[in-house]
1. Consider P410 against the criteria (1) at pLDDT 95 or above; (2) touching a strand residue (DSSP E or B) at 6+ places or on another chain (Cβ under 6 Å); (3) open to solvent by less than 10 Å² (accessible area, probe 1.4 Å): it satisfies all of them except one. Which criterion is unmet?
2. Failed condition for D5, given (1) crowded, with 17+ Cβ neighbours inside 10 Å; (2) free of Cβ contacts under 8 Å to residues at least 40 places away in the same chain, with all others met?
3. Going residue by residue through the stretch 388-400, is there one that turns out to be at pLDDT 95 or above, open to solvent by 10 Å² or more (accessible area, probe 1.4 Å) and at positive phi?
4. Does the stretch 138-152 contain any residue that is acidic (D, E), crowded, with 21+ Cβ neighbours inside 10 Å, in contact (Cβ under 8 Å) with a residue 12 or more places away in the chain and assigned to a loop (DSSP other than H, G, I, E, B)?
5. List, please: which pairs have Cβ atoms under 6 Å, are six or more places apart or on different chains, and start with a residue in the stretch 66-77 that is farther than 22 Å from K159 by Cα and end with one that is surrounded by 13 or more Cβ atoms within 10 Å (Cβ to Cβ)?
6. Among the residues of the stretch 453-476, what is the count of those that are open to solvent by 10 Å² or more (accessible area, probe 1.4 Å) and in contact (Cβ under 8 Å) with a residue 24 or more places away in the chain?
7. How many residues are buried (at least 18 other Cβ atoms within 10 Å of the Cβ), in a helix (DSSP H, G or I) and either more than 19 Å from the chain's Cα centre (by Cα) or charged (D, E, K, R) (or both) if we restrict to the stretch 372-387?
8. Within the stretch 345-362, which residues are over 15 Å from A246 (Cα atoms) and crowded, with 18+ Cβ neighbours inside 10 Å?
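The values are calculated or read from the model by the stated rules, or taken from the named source; none is laboratory data. In this text, all values refer to a predicted model and were calculated from it rather than measured experimentally. In this analysis, Cβ positions are derived from the backbone assuming ideal geometry, glycine residues included, and neighbour counts consider all displayed protein chains. Ligands, DNA and RNA are excluded from the accessible area calculation, which covers all protein heavy atoms including side chains. Shrake-Rupley method; radii C 1.70, N 1.55, O 1.52, S 1.80 Å.
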Amino acid sequence: MASRDGALARAARHFDDRSEGGFRALLARLVAIPSTSQEAAHAPDLDRYLRTGIAPWIERLGFAWRIHPNPVDGLGPILTAERIEAPGAPTVLLYGHGDTVRGLDEQWRAGLSPWRLTEEGDRLYGRGTADNKGQHALNLAALEAVLAERGGRLGANVKLVIETAEERGSGGLREFVAANRDLLAADALIASDGPRVSPAVPTITTGSRGTYHFDLAVRLRAGGVHSGHWGGLTADPAILLAHALASMADGNGRLLVRDLLPARLPEAVRAALAGCAVEPGGEAAAIEPGWGEPGLTAAEKLYGWNALIVLSLLSGRPENPVNAVAPDAVAHCQIRYTVDTDPAGFEAALRRHLDRHGLERVRIENAGVRMNASRTAPDHPWVSWARASMTRSLGRPGAASAGPAVRVIPNSSGGLPGDVFAEHLGVPLVWVPHGHNGCRQHGPDEHLLAGTAREGILAFAGLWWDLGEPGTPGHE
């Protein structure tokens, strides 16, 4: 007789299977498609990922699928699919992105390649293993296990969106979702991207921080001038830019432009993050307790506050310095912000700040939001339902099947396009990340932790099973 435990056992066996029919072989095939959206030469691979990597698989699972051109010229296509068993039954929208950042092949350590899955200990290396191929593959593999256990039935409806421009700010996704509200209508978005709060703690996030980008530019002359004849006589744009950056954040990373910050940490956010420990795992970076906003915990800084980051800084020719006062200097900067601040006022706040410090020659260029912030209430019924399901699947402290607690946080630290679905479809956001902060996504040696991934497939097998049972919000 079909059972929930049987579905979870099937999912576990699939993950543990080292044969050509197991999860690792599936992930290896997806990783081998170099579907980076950041290099024009790989544009055909974006379509190939959807058409050959995903479409045949989901068709076997009973989905009707279609690949759509991106509404924005030059950006990758979007796959939609639906598996409708009964109109009016609970319907979940599953999201993922098949594009990756650049491979950065030459930066990976010896023995590793971005487009080849390599397993070492608990790590599954390869570009997209964590961001995001491995994450949406786990969710679909879990669905396959539940369908097999139930003899091909789910008892609910599933819709799917996989885009291929997420690493370019999800360009075109907003327009596409707005134009296809009926096609994508659902009760909730339940999907996976980003990291857990720590590798050992199953996590639900109900939104994400937004990303606001801008250039600080000092452009003084058409070309460089001799450093011996002009040094000390004419303004150096790099020095002016350095003063601008130093005026915006102190030596411990505290943001000094206070109009770029929330007025306060909301009490609901503080309560949700009480006792939340952030443990990146791995050797990617160290958490420095004194860095950032004083008086906040690491979790509050990461999930409840705004941060300024300098993504690039350039003046002169670093690869071949010449004896000249450079003509210009540019810093590309980013603000990671929560829904508790309005980015519409960021550029004006930056301008006021620079002018107050006598830095009128520092220009603000190319300013704007790349991804909007989003947040569903952490106590929303769909969030509570998902948390109860995951707790049942993965165990709970003190129970006979002891396991990790499930942590709900108000938004993830990174950017996700959840706002697009919340705004145009009105769905609550339930993100269940399978990654960790030390996974090196966006850099060399990206990897997925096998132990965390195994818990992820079990968590989603339980979610899919429970979706077909009585008790889902609005369908009791």
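1. Checking P410 against (1) at pLDDT 95 or above; (2) touching a strand residue (DSSP E or B) at 6+ places or on another chain (Cβ under 6 Å); (3) open to solvent by less than 10 Å² (accessible area, probe 1.4 Å), the one that fails is (1).
2. (1)
3. Within the stretch 388-400, none of the residues are at pLDDT 95 or above, open to solvent by 10 Å² or more (accessible area, probe 1.4 Å) and at positive phi.
4. No, the conditions are met nowhere in the stretch 138-152.
5. Here the result reads V72/G171; V72/G172; L75/A165; L75/G171; L75/G172, each pair linking the stretch 66-77 to a residue that is surrounded by 13 or more Cβ atoms within 10 Å (Cβ to Cβ).
6. Of the residues in the stretch 453-476, 11 are open to solvent by 10 Å² or more (accessible area, probe 1.4 Å) and in contact (Cβ under 8 Å) with a residue 24 or more places away in the chain.
7. Qualifying residue count, the stretch 372-387: 4.
8. If the condition is that a residue be over 15 Å from A246 (Cα atoms) and crowded, with 18+ Cβ neighbours inside 10 Å, then F346 is the only one that fits.
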